[in-house]
């Protein structure tokens, strides 16, 4: 699987306030490009099981999401593959239940990439609203640094840094 592409998947629902963190972060990461080599950027929204083929065909997957670890709102978070099931079991929004199931199915089928990481921000509120909270916004810059460092460790650099 390591020979497959690097895939960056933004997750969340932008109609539910801080649940839209992953999509806001996806926009920020993509804006740092072009990359060398160019990753595949996916607006995964709340696709759930529909993401399975994309995940299974990847060599490396970076998920961008709201991540509820119990930290202070706005805290940037990075979770590597071995820590994902425990944290994604916490129901923050409907897409996370599906993501946990997708990851479990990909692993059961022997197709979950060895390099699977989640970078995100601890949300403050998940409720009907199209704006991120001030706390979530404040964590995006630190989460961007974590996401770019992850991509760099995987050999994917913004072209201007290569």
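Taken together, the values in this text are just the output of simple stated rules run on the coordinates, not laboratory data. Model, not experiment: these values are computed from the prediction.
Structure notes:
- Under a Gaussian network description of the chain, with springs only between Cα atoms under 10 Å, the residue in 54, 75, 150 that fluctuates furthest is 54.
- DSSP bridge pairs, the chain: antiparallel proportion in percent, nearest 5: 30 percent
- Stretchable slack from residue 81 to residue 57, in nm (0.36 nm times residue separation minus alpha-carbon distance): 7.0 nm
- Most mobile of 34, 73, 123 in a GNM of the chain (Cα contacts under 10 Å): 34
- Part-to-part distance (alpha-carbon centres) for the stretch 29-63 and the stretch 126-162, which is given in Å: 14 Å
- Using the alpha-carbon positions of the stretch 6-157, Rg (one decimal) and Dmax (whole number) come out as 13.9, 40 Å.
- Over the stretch 38-84, the alpha carbon radius of gyration divided by the compact-protein estimate 2.2 N^0.38 Å works out to 1.32.
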